[in-house]
Amino acid sequence: MLEQYLPFVGLIIFGNIENLVLSSQGVVAGVNPVKLAIASFLAVAMWLLIGTFGTQIALAYVDYIDFFGGLVIFILGGQAMLESLRGG
């Protein structure tokens, strides 16, 4: 059963790291931590459902999904670092 998810392992790992980066940005920006936690849990649950039911459809496009997903994670991580270096 888990074999179908193996092509997406990189996105799962780096997506979780990016979620932590975005949550950290929210805390630094002074967002209400309870609202941030609720939004984060809802986003994770949504992606779990999409990943669970969309995997069969997405397997044909795994190379494209990995590339663009990794690119987006890289860009968002870079943006987070730039904002933290600028102090805001």
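The values are calculated or read from the model by the stated rules, or taken from the named source; none is laboratory data. Just so you know, these numbers come straight off a predicted model, no measurement behind them. Virtual Cβ from ideal backbone geometry, glycine too; neighbours counted across all protein chains shown. In case anyone asks, the SASA skips ligands and DNA or RNA and just uses the protein heavy atoms, side chains included. Shrake-Rupley method; radii C 1.70, N 1.55, O 1.52, S 1.80 Å.
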Residues satisfying the stated conditions in segment 31-57, i.e. closer than 19 Å to LEU6 by Cα and either aromatic (Phe, Trp, Tyr) or touching a residue at least 40 places away in the same chain (Cβ under 8 Å) (or both): TRP47, GLY51, PHE53, THR55, GLN56
Among residues of segment 1-51, those that are open to solvent by 60 Å² or more (accessible area, probe 1.4 Å) and of a type in the set (Ser, Thr, Tyr), counted: 1
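Can you confirm whether LEU76 is at pLDDT 80 or above and touching a helix residue (DSSP H, G or I) at 6+ places or on another chain (Cβ under 7 Å)?
Yes: the conditions hold for LEU76.
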Looking only at segment 52-74, and only at residues there that are open to solvent by 90 Å² or more (accessible area, probe 1.4 Å) and within 15 Å of GLY15 (Cβ to Cβ), the one that is farthest from the chain's Cα centre (by Cα): PHE67
